[in-house]
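The structure appears below as structure tokens.
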């Protein structure tokens, strides 16, 4: 590299927005209380051993805060940080954005040139959209408490319908958390059409009012709204 050349700034052209998310329905924990099964799943997804250890410790804290009675029911829990606060991980919200992008892209698949069309949404959400912080602390409303919720699960099997009970930690509606979303480049090309990636992200987040976060979200749990906050990253 010559003296006149400067290092390439890969962050040039990126854009970051800060949001406050508010749950409008109760949200159910998704972390297995079976630490062995949890470790196996985490290890299969984690790019490094360090990440697996991090989540292992967060799961251990969740289990330590749970009664033996609920653990015996195989309850699903929320991860806990070092201060024993319930948290989401960044990848959980990134996964929501990917699911929302897929749902909304399919919705308009028959409308040529529609703004929400994004054929390569998995690649874009995986490689160009990032959520911060790593540990997202959920703040309960005044007087709010974490409790347990048990519901029946019905499945059609070769031997006929079967019903089982599932138990999850439950956080009340009104719980909030703050996140930053960074798009590596705001302008992307989709079939020769320039689109604002951050504008798409905001649209995907709007899907949270219909299908949110956590367990049993297809039944309406974990739905949320959001508002944009003054940007501290500028």
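Read the figures in this text as sums done on the coordinates, not as results from a lab. Keep in mind it's a predicted model, so treat the numbers as computed, not measured. Cβ coordinates were reconstructed from backbone atoms using ideal geometry, including for glycine residues, and neighbour counts include every protein chain displayed.
Based on alpha-carbon centroids, what's the gap between segment 132-177 and segment 83-101 in Å, whole number please?
15 Å
Nearest 0.05, what FRET efficiency do residue 107 and residue 191 give at R0 = 22 Å with Cβ-Cβ as r?
Using R0 = 22 Å, I get an efficiency of 0.80.
Considering segment 80-179, what Rg and Dmax in Å follow from its alpha-carbon atoms?
18.7, 50
Taking the simple approach of a point 7 Å from Cα along Cα-to-Cβ for both residue 114 and residue 20, what is their distance in nm?
Roughly 3.3 nm, to one decimal.
For 150, 22, what's the fewest-to-most ordering of other Cβ within 10 Å of each Cβ? List each step's numbers first, then the result.
Working: 150 12, 22 15.
By the 10 Å Cβ count, ascending, the order reads 150, 22.
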